[in-house]
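Enquirer: What follows is a single structure, and I will ask about it in a moment.
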Amino acid sequence: MGGGDIKIPDWRIYKVENAPELMQVERALASHGLRDPWLRNEVWRYNKKEFGTHGERLRLVLFRGFKWGLLAAVGTVLVEKAFFSSDDHHH
């Protein structure tokens, strides 16, 4: 099925200590006497080098196709004005 070689990183590189946001979650849980042994599985999401910040990811999702969408909308309006304009103004 193609795709080439996929390099799966070693699980030991993901440490909660490397993600300040998750350290805060860990402290909040500890204050209630709780612990999340699976918290480490979320550390990859907070790797800013690889995935950017939350704001950067949000901007990417919201504006990924904005340029092409705007171009298509303007083109559609221009085509409609040029070919489908009507001199009859219905009020």
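The values are calculated or read from the model by the stated rules, or taken from the named source; none is laboratory data. Quick caveat, the model's predicted, so the values are computed rather than measured. Every residue, glycine as well, gets a Cβ built from its backbone with ideal geometry; the counts of neighbours run over all protein chains shown. Just the protein is used for accessible areas: all its heavy atoms, side chains included, with ligands, DNA and RNA removed. Shrake-Rupley method; radii C 1.70, N 1.55, O 1.52, S 1.80 Å.
Enquirer: Out of all Cα-Cα pairs in the chain, roughly what percent, to the nearest whole number, are more than 14 Å apart?
Expert: 79
Enquirer: Let me ask another. How much accessible surface does residue 15 have with a 1.4 Å probe, in Å² rounded to 10?
Expert: Solvent-accessible area, nearest 10 Å²: 100 Å².
Enquirer: Can you give me the angle between helix 66-83 and the longest principal axis of the chain, using Cα atoms only, in degrees from 0 to 90, rounded to the nearest 10?
Expert: 10
Enquirer: Let me ask something else about it. What does the accessible area per residue of the chain come to in Å², with a 1.4 Å probe and no ligands, DNA or RNA counted?
Expert: 96
Enquirer: When the solvent-accessible surface of protein heavy atoms is calculated with a 1.4 angstrom probe, in what order do 83, 63, 51 fall, highest first?
Expert: 83, 63, 51
Enquirer: What is the dipole size for the chain, taken about its Cα centre, with +1 at each Lys and Arg Cβ and -1 at each Asp and Glu Cβ, in debye to the nearest 20?
Expert: 460
Enquirer: Over the chain, with every protein chain in place, what whole percent of the accessible area is carbon and sulfur at 1.4 Å, could you tell me?
Expert: Carbon-and-sulfur percentage of accessible area, whole number: 61.
Enquirer: For the chain, modelled as a Gaussian network with Cα springs under 10 Å, which listed residue fluctuates most, 65, 33, 55?
Expert: 33
Enquirer: What nm distance separates the two modelled labels at residue 76 and residue 30, each placed 7 Å from Cα along Cα→Cβ?
Expert: Result for the modelled spin labels: 5.4 nm.
Enquirer: Also: Given the options 29, 53, 79, identify the residue whose Cα lies farthest towards the positive end of the charge dipole of the chain (+1 on Cβ of Lys, Arg; -1 on Cβ of Asp, Glu).
Expert: Checking the options against the dipole of the chain, the answer is 29.
Enquirer: How tilted is helix 54-63 with respect to the longest principal axis of the chain? Cα atoms for both, answer in degrees (0 to 90, nearest 10).
Expert: 20
Enquirer: Cut-off 10 angstrom, C-alpha nodes, Gaussian network model of the chain. Which of 59, 12, 35 fluctuates the most?
Expert: 12
Enquirer: With a 10 Å cut-off between alpha carbons and a GNM built on the chain, which of 21, 80, 50 moves the most?
Expert: Ranking 21, 80, 50 by mean-square fluctuation puts 80 first.
Enquirer: Next question. Ordering 66, 84 from largest to smallest accessible area (1.4 angstrom probe), what's the sequence?
Expert: Accessible-area ranking of 66, 84, largest first: 84, 66.
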